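Please read the structure below before turning to the comments.
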Amino acid sequence: MIRLTRLRTATGLPRDFTGARLLEKHQDLVTRFFSGQVDPPIKWTSSKWKSAKKRLKFETGGKCAYCEASTDVVAHGDVEHFRPKSTYWWLAYDFDNYVFACQICNQIYKGDNFPISGHRLESPLMPNAQPADAQLMQLVQSLVRDVTSTNDEELVALWGAEDADLIHPYIEDPSALLTYEADDTNREVWIRAGAGLRAARAHDAAIKFLGLNREELLRLRYEQLEILRIFKLSFDEPRISDGTKATIRAKFDEMSRPAYPFAGLNRFFLRQWNLT
């Protein structure tokens, strides 16, 4: 897992997540909330956030935001609600609550799990019955948060009291919490906890609720490490030319870029080898 950057510009953002159409979306949210009070649970329609997929996939370079494997390799990717909509219904259409995740991390492991070590966010105060006209619009507007007018610091202030165990890759740096360990006997690379209690919680949640040490990932990460090691052996060869060294260093840079599969692993070992 690596730190991701939210593109907070209207360019490329789905039109239904800005302006008047974002208001319309939250009118739908209010309607679904009150319908869910009469006939629980709230009924959701994935088409309401489907348009976010293209932008989210671009932000991760086509990789799962959690396991960092290409979604063309492990499983199809889709819009994942970081805070599950079953509990945090008011964040169901909040773009900052979305990540692009593979179906294995999202559906098989995470599901509606969201462990925290702080205080659970409180649901917005809602009237006993759905209002109408001006009162309805006032309620809708109170629930809207536009991704283009927000920053990461505001999100930390808004959600930080929960002290979520899972890493939100857009507002927390996984490299400060997770490390990698190669098992050459079994040809596997394991994700391990970094130093400190926060790292231990983040690691345990990532393993239990995202499956980041599942068997296929252990093997895929080792295959990536083997490629990286071959480049390192070539780079360390004293007889190679400066031009070849420059080419290999350019490859190291490429393998560290956010869109590269398992970039977090590549960055970790390159740092260990003092090659960054």
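Side notes on the structure shown:
- Only helices enter the 222 nm calculation for the chain: every DSSP H run of n ≥ 4 contributes -39,500 (n - 2.57), and dividing by all residues gives -12500 deg cm²/dmol, rounded to 500.
- Among the lysines of region 15-162, pairs that are 8 or more positions apart or on different chains and have alpha carbons within less than 20 Å of each other number 20.
- Per-residue HN-Hα couplings for region 5-11 [Karplus 6.51, -1.76, 1.60; θ = phi - 60°; Hz; x = Gly/Pro]: 10, 7, 7, 8, 10, 5, 5
- Across every direction, the projection of the convex hull enclosing the Cα atoms of the chain has a mean area of 16.5 nm².
- In this rough spin-label picture, where each label sits 7 Å from Cα along the Cβ direction, the Arg239-Ser47 distance is 6.6 nm.
- Reachable aspartates and glutamates, given that their alpha-carbon falls under 16 Å from the alpha-carbon of Lys245 and they are not under 8 places away in the same chain: Asp236, Glu237, Asp253, Glu254
- Estimated FRET transfer efficiency (Glu154, Leu275; beta-carbon r; R0 41 Å; 0.05): 0.65
- For Ala193, distant residues with modelled amide H under 5 Å away: Thr179
- Glu254-Leu136 FRET efficiency (beta carbon distance; Förster radius 51 Å; 0.05 resolution): 0.50
Each value in this text was obtained by applying a stated rule to the coordinates, not by laboratory testing. Small disclaimer: the values here were computed from a predicted structure and weren't measured. So basically every Cβ, Gly included, is an ideal-geometry build from the backbone, and we count neighbours across all protein chains shown.
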